[in-house]
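A short worksheet on the structure shown next.
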Amino acid sequence: AVDREKVCPMLVRLFCKFGEHHQDEEFSTKKVPADDEIRVHTWKDATMGELTELLAQVHREVRQSGTRCTFRVVYPDNNGNFVSKELGTTAIGRRVGEDISRKSLGTLRYQAGDYFSVAIFPGKSGYNKAVGADGEDEKDEKGEKDEKDE
């Protein structure tokens with residue numbers, strides 16, 4: 001186990017998209033899909049379940065029971081082209097096949113500098129995406145108050 005009091009955390013860059021993954025071609029040394037990026041500082045012993053909980057703090061849709069997050073690691077190959085590898089899935093409120101929620105970054109051989117592509121599949125049927133491409137809450141753009149603001 002990592003002594004989190006003594007070991008400096010590393011930067012983990014997650015690129016989230018609802019309903020699908022980002023394409024490998026969207027990544028290069030000069031550009032990434034920045035509008036969908038979430039930056040987290042954590043340690044090698046952090047689990048994918050912990051990363052999912054952090055995503056839920058940013059995207060409230062992830063908190064819905066039955067929501068699945070599928071993870072791919074994105075990294076440069078020997079030719080400098082970015083490629084991805086499917087890692088598995090985490091789910092809110094239930095276990096799923098290919099469940100990686102208890103696996104750590106170290107166990108999955110994550111290396112500092114790699115990216116994560118995360119496809120979010122909300123659990124509720126009839127779900128309407130509440131977050132626009134710019135990461136802003138669409139209701140807020142129309143001037144309507146959030147329930148928590150009332």
Check: Just a yes or no: is a residue in the stretch 40-54 without any contact (Cβ under 8 Å) to a residue 40 or more places away in the chain and assigned to a loop (DSSP other than H, G, I, E, B)?
Finding: no
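Here is a yes/no grid of residues against (1) in contact with a strand residue (DSSP E or B) (Cβ under 8 Å, 6 or more places away or on another chain); (2) under 11 Å from S117 (Cα atoms):
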residue	(1), (2)
R4	no, no
F27	yes, yes
T47	yes, no
E61	yes, no
Y75	yes, yes
N79	no, no
R95	no, no
E98	yes, no
S101	yes, no
Notebook entry, point to check: Conditions: (1) touching a residue at least 40 places away in the same chain (Cβ under 8 Å); (2) more than 25 Å from T67 (Cβ to Cβ); (3) hydrophobic (A, V, I, L, M, F, W, C). V7 meets all but one. Number of the miss?
Noted result: (1)
Next item on the list: Could you list, in sequence order, all residues of the stretch 55-82 that are assigned to a strand (DSSP E or B) and either under 17 Å from Y110 (Cα atoms) or out of contact with any Leu (no Cβ under 9 Å at 6 or more places or on another chain) (or both)?
Entry: R68, T70, F71, R72, V73, V74, Y75, P76, F82
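Residues checked against (1) open to solvent by 20 Å² or more (accessible area, probe 1.4 Å); (2) at pLDDT 90 or above; (3) at negative phi; (4) part of a helix (DSSP H, G or I):
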| position | (1), (2), (3), (4) |
| --- | --- |
| S84 | yes, yes, yes, no |
| T90 | no, yes, yes, no |
| R94 | yes, no, yes, no |
| G97 | yes, no, yes, no |
| R102 | yes, yes, yes, no |
| S117 | no, yes, yes, no |
| G123 | yes, no, yes, no |
Checklist line | Failed criterion for R60 (all others in (1) surrounded by 18 or more Cβ atoms within 10 Å (Cβ to Cβ); (2) touching a residue at least 40 places away in the same chain (Cβ under 8 Å); (3) over 29 Å from K6 (Cα atoms) hold) | finding: (1)
Notebook entry, point to check: Do you know which of the residues in the stretch 5-30 that are modelled with pLDDT of 90 or more and among the basic types (K, R) is farthest from V83 (Cα to Cα)?
Noted result: K6
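The values are calculated or read from the model by the stated rules, or taken from the named source; none is laboratory data. Because the structure is a prediction, the values reported are computed rather than measured. Counting neighbours? That spans all protein chains shown, and the Cβs are built from the backbone with ideal geometry, glycine included. When the accessible area is computed, the model is the full protein with side chains, heavy atoms only, and any ligands, DNA or RNA have been set aside. Shrake-Rupley method; radii C 1.70, N 1.55, O 1.52, S 1.80 Å.
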